[in-house]
Each structure stands twice: as C-alpha cells, then as structure tokens.
1. Under 5 Å between amide hydrogens, which residues at least 5 positions from Leu10 or on another chain qualify, with H placed 1.01 Å from N in the peptide plane?
2. What order, most packed first, do the peptides 18-24, 43-49 have when packing is the mean number of other Cβ atoms within 10 Å of each residue?
3. Could you go through segment 43-50 in sequence order and give the Karplus-derived ³J(HN,Hα) for each residue, using 6.51 cos²θ - 1.76 cosθ + 1.60 with θ = phi - 60°, rounded to whole Hz, and x for Gly and Pro?
Amino acid sequence: MADEDQAGTLAGNGSRVRCTECGSEAIVTSAGGSALSCCGKPVEITFPGSK
C-alpha cells in the first residue's frame with residue numbers, strides 16, 4: 001500500500017488489481033480507503049469490485 005502522500009489507485013472490496021510494471025496481481029479483500037501501488041506506481045484495476 002502507498003503512503004498518504006503517494007499516488008495510488010483506490011479500489012473497493014472484490015476488485016482485482018495488477019501492477020503494470022512487474023505484473024503482480026491481487027484481489028482486495030478489505031478496502032480501507034488507502035491508495036494501492038506497486039513498484040512505485042499506481043496499480044491498474046482489471047476488475048472493479050464494490051465501493
């Protein structure tokens with residue numbers, strides 16, 4: 001997860017996200033309002049969950 005001052009993607013529960021740099025994928029199981037990032041860049045939402 002990203003620090004508060006770092007850009008990132010906000011995703012809801014059940015969202016599938018992917019890093020465009022390294023290809024890592026994850027599913028959000030407990031959204032907490034934090035921005036998600038990997039390799040220093042925001043992740044891409046590949047399947048939107050609920051907000």
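1. Amide H neighbours of Leu10, under 5 Å, 5+ apart: Leu36.
2. On the way: 18-24: 12.7, 43-49: 15.3.
Top of the packing list down: 43-49, 18-24.
3. Once rounded to whole Hz, the list reads 7, 9, 7, 9, 8, x, x, 8.
Only the coordinates and a few stated rules stand behind these numbers; no lab work does. All values derive from a computational prediction rather than experimental measurement. Neighbour counts run over all protein chains shown; Cβ positions are idealised from the backbone, glycine included.
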